Amino acid sequence: MSKWLTKRNLIITLSVIFIILILIFILPVSLPIISALLTALIIDPLVRLTENKFKWNRKLSVISVFMFILAFITFLLYFTVTRLIGKIIDFTKAAPDYFNSLSGVWIDAQSKLFQYTSGMPDDVVKAIQKEFKNGFETIRESILNLLSYEKIMVLMTDIPNFLVSFIVFIIALFLFMLELPELKRLLFRHLTTATAEKVRFMITRLNSVIFGFLKAQLLVSLIILAVTFVGLLLIIPKYAVVMSLVIWIIDVIPILGSIIILAPWSLYLFISGDVATGTQLAILAAVLLVIRRTVEPKVMGSQIGLSPLPTLIAMFIGLKLFGFLGFFIGPLAVILFTTAREAGFIKMNFRI
């Protein structure tokens, strides 16, 4: 008995070490492939629906769904990127006038500062002027650092890596979509009847969770899009359509989201002297942040079967551990644990 326990402990230890090595060395470089597998699992119900609806074979259904999704993403990116590039070109053409206006704003701010501080003690005036100058210098250095040669070169060198990862993701996604039934058969071939039933229960549960997760994301994103469009329509109508779409796409980035666009935009308007519009954009950014941080956990919790608190904790921990993908991995890991417990794989009936 002791020898059996020793052998069992050795197998468990080696398995844990193997899993840790996979998580440390293989998982980070396999994210495009893992993402492709997860995406194929999410899309698979749509493929099966196409098969049943049109009586097509698996290959034709996969090609149809794959081309539809690819065309939709391409159209959305093309529309957004071309419009955004057009606005950037317009901005660069008007940049000299903007910088000249910034110089005028700086001179005007200095003159107003002198007026407000007239009559104050010299030490107080010098301290205020020093802090004002330091603040302006900090903003200027931050902008120059953001647009520095090193940052631009790092971004440019990351583009080829991103393109390679994206191409691998697209190819792997198509192949996984084709081979998913065969992969499932290979998996169930090595399972007992009882275990296979539990796994089928988990897959069914996870399918409903994934659809709920996507539905929750869609609902939250539509709320963000509507609020952004209405807000920009009231603040800057000529940019409402384009920038609301850009912010809608960027907003999926966890924690930051729309602030990535609205904060620099608001800061630029403040510096250029348009304080009213800059303040309105800052308020819009705060409203969007509050909506996503408060509505998202509640909507996701109701759609995937978790209460808002575990959903928020899972999203935050997943984000810290795995970055952007952790935002999605966290809640799914909790659902996977809950489903495994419901299926009987994990026993929690103990007392301390």
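Search the stretch 206-242 for residues being small (Gly, Ala, Ser) and more than 16 Å from Leu76 (Cβ to Cβ), and hand back the single one that is surrounded by the fewest Cβ atoms within 10 Å (Cβ to Cβ). Write out each step before concluding.
Initially, the stretch 206-242 is screened for residues small (Gly, Ala, Ser), giving 208, 212, 216, 221, 226, 231, 240.
Next, only the ones that are more than 16 Å from Leu76 (Cβ to Cβ) stay: 208, 212, 216, 226, 231, 240.
On the way: Ser208: 16, Gly212: 19, Ala216: 22, Ala226: 12, Gly231: 21, Ala240: 17.
In this case the residue turns out to be Ala226.
The numbered conditions (1) closer than 20 Å to Pro45 by Cα; (2) within 26 Å of the chain's Cα centre (by Cα) are all true for Leu178 except (2).
Only residues that are among the polar types (S, T, N, Q) and in contact with a helix residue (DSSP H, G or I) (Cβ under 6 Å, 6 or more places away or on another chain): list them for the stretch 36-63, please. Let's see the steps before the verdict.
Taking the stretch 36-63 and keeping what is among the polar types (S, T, N, Q), we get 39, 50, 52, 57, 61.
The answer is Thr39, Thr50, Ser61.
Residues of the stretch 207-214 include none that is out of contact with any Gly (no Cβ under 9 Å at 6 or more places or on another chain), in a helix (DSSP H, G or I) and modelled with pLDDT of 80 or more.
I'd like the full set of residues that are exposed (fewer than 11 other Cβ atoms within 10 Å of the Cβ) and over 23 Å from Ser64 (Cα atoms), limited to the stretch 163-185. Selection gives Leu163, Arg185.
Name the one entry in Phe91, Phe72 that is surrounded by fewer than 13 Cβ atoms within 10 Å (Cβ to Cβ), modelled with pLDDT of 80 or more and assigned to a helix (DSSP H, G or I). Outline the logic, then answer.
Details: Phe91 fails: modelled with pLDDT of 80 or more.
Result: Phe72 is the single residue among Phe91, Phe72 that is surrounded by fewer than 13 Cβ atoms within 10 Å (Cβ to Cβ), modelled with pLDDT of 80 or more and assigned to a helix (DSSP H, G or I).
Among residues that are more than 19 Å from the chain's Cα centre (by Cα), closer than 30 Å to Phe211 by Cα and either outside any helix (DSSP H, G or I) or at pLDDT below 80 (or both), Leu23 is included. Hey, any hits in the stretch 279-296 for a residue that's in a helix (DSSP H, G or I), small (Gly, Ala, Ser) and at pLDDT below 75? No: zero hits.
The values are calculated or read from the model by the stated rules, or taken from the named source; none is laboratory data. From a predicted model like this one, the values you see are computed outputs, not experimental measurements. FYI the Cβ positions are ideal-geometry reconstructions off the backbone, even for glycines, and counts take in every protein chain you see.
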